[in-house]
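These notes are about the structure you will find just below.
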Amino acid sequence: MNSKGLVLIAVFATLCGCSSLQEDLKNDPERMMASCMRQVEAANAKFKAHAMTYMSVPRAGLAKVFCERLAVGVADGRITQYDVNELIRTGQLTSKFAFLKG
């Protein structure tokens, strides 16, 4: 698996507890956001560059925007645990994750 895939595993592992993604976000949104942002900030430069281009955001706002958009997608039910598992497995942003573009 490439480094982008490993970064995505770290980001989404934060969101993948024993309960559903929606439950985790509902029960402790501040912790989820803080953890997600830390993971994005710790990501390698290649992932950050890809994410900034994919989402059309500047480096300074990447972690916040990525995590906010991801949280909205989870809360709205646009992505499921299965989608996240597939993203972790493949490291590929499919059309299901187009909402990250804003």
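If only residues of region 50-72 that are among the β-branched types (Val, Ile, Thr) and surrounded by fewer than 17 Cβ atoms within 10 Å (Cβ to Cβ) are counted, the one that is farthest from Ser20 (Cα to Cα) is Thr53.
Here's a check for you: in region 13-32, which residue that is more than 14 Å from Val72 (Cα to Cα) and touching a helix residue (DSSP H, G or I) at 6+ places or on another chain (Cβ under 8 Å) is modelled with the highest pLDDT? Ranking the qualifying residues of region 13-32, first place goes to Ser20. The residues of region 73-83 that are under 9 Å from Phe99 (Cβ atoms) and either touching a residue at least 24 places away in the same chain (Cβ under 8 Å) or crowded, with 17+ Cβ neighbours inside 10 Å (or both), listed by number, are Gly73, Ile79.
The values are calculated or read from the model by the stated rules, or taken from the named source; none is laboratory data. Remember, it's a predicted structure, so these values are computed and weren't measured experimentally. Heads up, the Cβs are rebuilt from the backbone with ideal geometry, glycines too, and the neighbour counts pull from every protein chain shown.
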